[in-house]
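Novice: Take this structure, written in structure tokens, and hold onto it; I'll ask about it next.
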Amino acid sequence: MVRQSRSCILMICFLTFFGCTLKTVDTIETGDKTALKSKVLIATQNSQFKGEVLSEIKKALGEDVSYIKVVDVKRLPNESVDQYSAVVILNSCMAGRPDPRVESFIDNIQDKNKLVVLTTGRLDSWKPESPEVDAITSASTMSETGVVARTIADKVMVIINSKKNI
């Protein structure tokens, strides 16, 4: 019992340290910030897989989107989703839960139909409880980045095109 407790404490310390020391993703803005439509916010965490998916999403959206802002998931509480047509969140699942900021952000958004959430994890498959959120899960397999990115970009375009018809 003592051995299990020590193992649990060590695991919690490791996960806390790992979670707190991840390199922050730099904020990047491309396109026309003053555009009224077709603006996309992408919040991500720093990993090779998510970096490649992010790069491929931006390529896939190309000229169809006026403005893309990329922020670290840690900065999500500072973002107002009202100014974006679509919001993409690329996050990791640890111990069956996403980053608490991601979960809180999703819970507090009124228009959940503009969200596309990718959760990565080996065995975890967390998805937001709200059925309005378009959520997918994936293992961080580098050979799958193109498929995952294309799926996300297609979902973003469906959201943007549905808003054009309103």
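Laboratory data are not the source of any read-out in this text; all were calculated from the coordinates shown. Please read these numbers as outputs of a predicted model, since none were measured by experiment. Quick reminder, even Gly has a Cβ in these numbers, built from the backbone with ideal geometry, and neighbours come from all protein chains shown.
Novice: Scan the range 90-101 for residues that are surrounded by fewer than 20 Cβ atoms within 10 Å (Cβ to Cβ), part of a strand (DSSP E or B) and of a type outside the set (D, E, K, R) and jot them down.
Specialist: Once the filter is applied, which keeps residues that are surrounded by fewer than 20 Cβ atoms within 10 Å (Cβ to Cβ), part of a strand (DSSP E or B) and of a type outside the set (D, E, K, R), the range 90-101 yields CYS93, MET94.
Novice: While we're here: Inside the range 102-113, can you point out the residues that are part of a helix (DSSP H, G or I) and under 12 Å from SER130 (Cα atoms)?
Specialist: Scanning the range 102-113 gives GLU103, ILE106, ASP107, ASN108, LYS112, ASN113.
Novice: Within the range 31-44, is even one residue crowded, with 22+ Cβ neighbours inside 10 Å, under 13 Å from the mean Cα position of the chain (by Cα) and either farther than 18 Å from ASP154 by Cβ or among the basic types (Lys, Arg) (or both)?
Specialist: yes
Novice: Please go through the range 55-89 and give me each residue that is surrounded by 15 or more Cβ atoms within 10 Å (Cβ to Cβ), farther than 13 Å from PHE105 by Cα and touching a residue at least 60 places away in the same chain (Cβ under 8 Å), ordered by number.
Specialist: GLU56, ILE57, ALA60, LEU61, VAL65, SER85, ALA86
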